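Structure first, commentary second.
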Amino acid sequence: MAVLVTGGAGYIGSHAVKRLLEEGETVVAVDNLYRGHAEAIEALGSVKPGTLHFSETDIADRDTLVRLMTEHGVDTVMHFAALAYVGESVTEPLDYYRNNTAGALSLIEACDKASVTKLVFSSTCATYGEPPKVPMDENTPQSPINPYGWSKLHVEHILRDYAHACRVNQKPFSYAALRYFNVAGSDPETLIGEDHEPETHLIPVILEAALGVREKIMIFGTDYDTPDGTCIRDYIHVCDLIDAHVAVMHALKPGDERFYTLGIGNGYSVREIIESVKRVTGKDFKIEEADRRPGDPAQLFADPGKINSELGWSASFTDIDEIVRTAYRWFEKHPNGYAE
Ligand code: UFG
């Protein structure tokens, strides 16, 4: 049997591919290479030669997905392929609904045709929107405040209805939706790493400033109702995130439907992240205080109690310096990303 990973050339998907190959799984990675990196796939080819199959395929191409699933005996899908910039989703909502929602629909149809039995879906804490309280857990009302969050919440609803129909028709399908917080860090072995174009995520942006690739770091808002006035987020290491996917994949039984809120359960402010980067890199850089970025809630962090009690998962990277250090190792080697 094999696992099909969508978005396998992207940041999170490539880390999933590496981990699955290390576990001895046969992996079929698909990616349209719009924002993914062919170099990541090339690097991953060395993990367990002969067990990774890559296809440059868009998830909208249902027939090719069915062919790949059937050819390789795929029984499980990990679905990461998506557009993932909140700001871009506001200016280009149709792209987000087409790629993230319609794309997932095409993938689920392919799963149906190829009798795939398990699907692990990369959802987001953006499906919760501005929470009434923190920490956030699975009971936090889902009320997105941007098209990105909606595009993923629609997929959760499609999966819920499809799983219900499968139970009625006695088809052995199960799925999990993992609602992540801020994914950070890179493969400690630096075989693969984080490379976004454009880069907007806090930790890479600060590292770029520390490495001189970027002139300065801007703090978006210093007047929030938080201890140091800057926003607080929950930064989960990408390898811990993938551990959770693998644990969920093994736990899914026919008919199961699981939802987990996935973060380390602790928040760090923008200023705390800047201080961490300074400690880890030993470098100083220019910092500019700027206005708030529209749509940024003051505090978002998870209560990962449910996944901990049900699957025994907890983050192994809980010290922010350790998380930043793995990101730094990658950026030191690849200050301009894969393309150099
Ligand atoms: N920030 C800065 N300066 C920067 C970049 C970010 O001050 O140059 C701040 C932001 O205002 C925010 C925090 O750092 O307070 C984190 O910002 P990111 O852009 O790194 O991450 P977000 O919390 O905005 O977004 C993340 C994921 C999204 C996901 C969202 C869920 O990147 O994919 O969490 O809320 F949808």
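The values are calculated or read from the model by the stated rules, or taken from the named source; none is laboratory data. Computed from a prediction, not measured in an experiment: that's the story for all the values here. Positions of Cβ are generated from backbone atoms using ideal geometry, with glycine treated the same way; all protein chains shown enter the neighbour counts. Heads up: the accessible areas ignore ligands, DNA and RNA and are worked out on the full protein's heavy atoms, side chains in. Shrake-Rupley method; radii C 1.70, N 1.55, O 1.52, S 1.80 Å.
Six or more apart or on different chains, Cβ atoms under 8 Å: show the pairs whose first residue is in the stretch 111-125 and over 14 Å from Met1 (Cα atoms) and whose second is more than 16 Å from the ligand (Cβ to nearest atom) and among the basic types (Lys, Arg).
Lys113/Arg62
Those residues that are within 15 Å of Ser276 (Cα to Cα), surrounded by fewer than 19 Cβ atoms within 10 Å (Cβ to Cβ) and touching a strand residue (DSSP E or B) at 6+ places or on another chain (Cβ under 8 Å), I need them from the stretch 206-217; list them, please.
none
Do you know which residues across the stretch 208-241 are in a helix (DSSP H, G or I), more than 11 Å from the ligand (Cβ to nearest atom) and under 24 Å from the mean Cα position of the chain (by Cα)?
Residues satisfying the conditions are Val238, Cys239, Asp240, Leu241.
How about the stretch 45-59: which of its residues are closer than 16 Å to Ala81 by Cα and surrounded by fewer than 16 Cβ atoms within 10 Å (Cβ to Cβ)?
Passing the criteria: only Glu56.
Let me spell it out: the conditions are (1) open to solvent by 30 Å² or more (accessible area, probe 1.4 Å); (2) touching a residue at least 60 places away in the same chain (Cβ under 8 Å); (3) within 16 Å of the ligand (Cβ to nearest atom); (4) of a type outside the set (A, V, I, L, M), and Asp75 meets all of them except one. Which number is the exception?
Asp75 satisfies all of (1) open to solvent by 30 Å² or more (accessible area, probe 1.4 Å); (2) touching a residue at least 60 places away in the same chain (Cβ under 8 Å); (3) within 16 Å of the ligand (Cβ to nearest atom); (4) of a type outside the set (A, V, I, L, M) except (3).
Only one of Glu88, Glu109 is in the same structural domain as Leu252 (by TED's automatic domain parsing), within 15 Å of the ligand (Cβ to nearest atom), open to solvent by 40 Å² or more (accessible area, probe 1.4 Å) and at negative phi. Can you tell me which?
Criteria check complete, one pass: Glu88.
For the stretch 40-138, give me every one of the strands (runs of 3 or more DSSP E) that falls completely inside it and has 2 or more residues that are under 19 Å from the mean Cα position of the chain (by Cα).
74-79, 118-124
Could you go through the stretch 187-202 and let me know if any residue there is modelled with pLDDT of 95 or more, away from the ligand (no atom under 11 Å from the Cβ) and more than 23 Å from the chain's Cα centre (by Cα).
no
Among the residues of the stretch 218-248, count how many are open to solvent by 10 Å² or more (accessible area, probe 1.4 Å) and over 24 Å from Pro131 (Cα atoms).
Of the residues in that region, 4 qualify.
How many residues are farther than 16 Å from Thr124 by Cα and more than 12 Å from the ligand (Cβ to nearest atom) if we restrict to the stretch 249-276?
So the count comes out to 12.
Of everything in the stretch 283-340, what is open to solvent by 30 Å² or more (accessible area, probe 1.4 Å), away from the ligand (no atom under 16 Å from the Cβ) and either in contact with a Lys or Arg (Cβ under 8 Å, 6 or more places away or on another chain) or part of a helix (DSSP H, G or I) (or both)? Give them in sequence order.
Scanning the stretch 283-340 gives Asp284, Gly305, Lys306, Asn308, Ser309, Glu310, Leu311, Glu322, Arg325, Arg329, Glu332, Lys333.
Just checking, does the stretch 165-178 include any residue being within 10 Å of the ligand (Cβ to nearest atom) and among the basic types (Lys, Arg)?
no
When the residues of the stretch 25-39 are filtered to those that are open to solvent by less than 40 Å² (accessible area, probe 1.4 Å) and of a type outside the set (A, V, I, L, M), which remaining residue is nearest to the chain's Cα centre (by Cα)?
Gly36
Among the residues of the stretch 210-255, which ones are of a type in the set (Phe, Trp, Tyr) and either assigned by TED's automatic domain parsing to the domain that holds Leu119 or under 30 Å from Met78 (Cα atoms) (or both)?
Tyr235
Could you list, in sequence order, the residues of the stretch 150-192 that are out of contact with any strand residue (DSSP E or B) (no Cβ under 6 Å at 6 or more places or on another chain), of a type in the set (A, V, I, L, M, F, W, C), open to solvent by 10 Å² or more (accessible area, probe 1.4 Å) and in a loop (DSSP other than H, G, I, E, B)?
Listed by number, the list holds a single entry, Leu191.
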